[in-house]
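What follows is a single structure, written as structure tokens, with notes after it.
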Amino acid sequence: MRYMAYESLRAFVGKLEAAGELKRISAEVDPILEITEFADREMKSPNGGKALLFERCKGSAFPLLINAYGSTKRMAMALGVADVEEIARELESLLKAKPPTSFKEAMSLLGTAMELRHAKPKSGTAAFSTQLSALRELPIQQCWPGDAGRFITLPLVVTRDPDTGARNVGMYRMQVIDDRTTFMHWQLHKTGARHWRRYCELKQRMPVAVALGGDPVYAFCASAPLPDGMDELQLAGYLRKKSVELAKCRTNDLEVPADSDFVLEGYVDPAEPPAMEGPFGDHTGYYTAPEPYPKFHIERITARRDAIYPSTIVGVPPMEDFHMGTASVRIFLPVFKMTFNEIVDIALPAEGVFHNLVVVSIKKQFPYHAMKVMHGLWGMGQMMFSKIIVVVDADVNVHNTREVLFRLCSGIDPQRDLIFTKGPADVLDHATPAIGFGSKLGIDATHKLPGEKDCRPWPPLIKMDDPVKKRVDELLR
């Protein structure tokens, strides 16, 4: 079942409330630490708790929405469907119409499909027209006690490739320096950072626009692992079944969603040396140490009349971002399966904080098949950051941690079935010996076939006969 595209973030709040998925907090709450404590308790409650709308934020006239994506149900609602699997099935049918022969071709086909399905953005009228004087007017959180200050955590950072004009919408945390300046934490491997390096080579100021809010699908798309060059707003149009309407910024030539709640327009100057950003309590569950990043200078701040400030926190899992990451995996699983037809399912457990642990089930067809899948995944986009990949057989439910651990412990010989390699790593991973580079572990927990070295005959798994199970079911009725 498809919902209509949301006209605003406030419209999404109304839908959440009608579905019993929202709690309103009417007491005045401080964005410095207090909102985090409310949200962290809610995110760690059964099934991700509820979305929270803080109606009175200390020091700001704007309400704050958090944990809006923090459950399976709310994540589906944000994408306009009853179940995220609906999108995956639709994408799978598009890909099967003309099966791709490679990951690159699959993503190219996805881009073509998006263009054909209401995806191309079009011009619209800006809903944000109220000018604000300073960032202090927004209820920007300091999330954790050890943070260097306040951080904007759900920004849609819009940049363009200076050579091709291709747009990128990324999600990069922004530490507030003063009322008109923040850091721009685009990490080494991100598209925004590549655009920035090119502007540095050209010795030109880099125009940047930051949108907050609007249709909740935008934030999901900004966080999705799309290949460099694929427009996140096209993906948003494809998902919402309605083209994203764009409004032009006043101080530069960039465009942002016309239904945005807040827009920050400005620039990053290559003549200005980077400064130390952080620490920040990150999705790893630890504080990331200070590192040099460029400054974003804000020339104009605008808001819509009924603006709601969207926010999130990250930290020790499970958190809201787990549900966003899981939705990405479910939606793009057909792309993985078209490239690797042996893949049955993929899971990124919450405790693995995205890149640290990936569990993959496959239909094993030949000796060392698991090794082929591991290396293939390490070569696919952001899967290159995966620290540990565990490969199990097709009959294993990769979302059942107990089942995965049983197969992992019973199905491997450590010396034979573990492989180590090296490659790019998450810049935020404090455990690597160097920033952005480290070792990786592959674990083959599949049954072993004749031809695989140092293997005895593999015994069958204990299972009851189906007729007996059926008979007992009847007796228990």
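Counting only other residues whose beta carbon sits under 13 Å from that of VAL263, what net charge do I get with K and R as +1, D and E as -1? All intermediate terms of the calculation are to be shown ahead of the outcome.
Numbers: positive: LYS248, ARG250, ARG300, ARG304; negative: GLU255, ASP259, ASP261, GLU265, GLU299.
It works out to a net charge of -1.
Binning the alpha carbon pair distances of segment 108-253 at 10 angstrom intervals from zero yields the distribution 10, 37, 37, 14, 1, expressed in whole percent. Compared with the dominant Cα axis of the chain, that is its longest principal axis, helix 369-378 is turned about 10°.
Here the Karplus curve 6.51 cos²θ - 1.76 cosθ + 1.60, taken at θ = phi - 60°, turns the phi angles of segment 132-144 into couplings of 10, 9, 7, 4, 5, 6, 8, x, 6, 7, 9, 7, 10 Hz, with x standing for Gly and Pro.
Ranked for footprinting exposure by Cβ neighbours inside 10 Å, fewest first, CYS221, CYS455 give CYS455, CYS221. Distant-in-sequence amide contacts of LEU132, defined by a placed amide H-H separation under 5 Å and a gap of 5 or more residues or a different chain, comprise ILE301, THR302, ALA303. Counted by Cβ distance under 15 Å from ILE32, the other residues give a net charge of -2, where Lys and Arg count +1 and Asp and Glu count -1.
Separation of segment 15-56 and segment 68-83 by C-alpha centroid, Å? First find each Cα centre; the distance between them is then 16 Å.
Note on ASP179, ASP231: ascending count of other Cβ atoms within 10 Å places them as ASP179, ASP231, the fewest first. Taken as Cα centroids, segment 234-302 and segment 147-208 sit 6 Å apart, rounded to the nearest whole angstrom.
Extending 7 Å from Cα along the Cβ direction at ASP178 and again at LYS248 yields two label points whose distance is 3.2 nm.
Please determine, in degrees from 0 to 90 and to the nearest 10, the orientation of helix 34-43 with respect to the longest principal axis defined by the Cα atoms of the chain, where the helix direction is its Cα long axis. Helix 34-43 sits at roughly 30 degrees to that axis.
Based on DSSP, what percent of beta bridges with both residues in the chain are antiparallel, to the nearest 5?
On the way: 56 of 77 bridges.
Rounded to the nearest five, the antiparallel share is 75 percent.
Cut-off is 10 Å between beta-carbons; in what order do TRP378, TRP186 appear when sorted fewest neighbours first?
Going from sparsest to densest Cβ surroundings: TRP378, TRP186.
Find how many whole Å separate the alpha carbon centroid of segment 417-435 from the alpha carbon centroid of segment 334-368. Taking the Cα centre of each part, segment 334-368 and segment 417-435 sit 19 Å apart. In plain terms, if you count all Cα to Cα distances in segment 340-444 and split them into 5 Å steps from zero, the share in each step is 2, 13, 25, 25, 20, 11, 4, 0 percent.
Helical runs assigned H by DSSP (4 residues or longer) give the chain a calculated mean residue ellipticity at 222 nm of -8500 deg cm²/dmol, each run adding -39500 (n - 2.57) before division by the residue total. Checking the cross-link pairs LYS120/LYS190; LYS50/LYS120; LYS190/LYS372; LYS50/LYS364; LYS23/LYS122; LYS44/LYS248 against a 31 Å limit on the alpha carbon distance flags LYS50/LYS120; LYS50/LYS364; LYS23/LYS122; LYS44/LYS248 as lying beyond it.
Every number here is computed from the coordinates shown, using simple stated rules; none is lab data. Computed from a predicted structure; not experimentally measured. All Cβ positions, glycine included, derive from the backbone under ideal geometry; neighbour counts span all protein chains shown.
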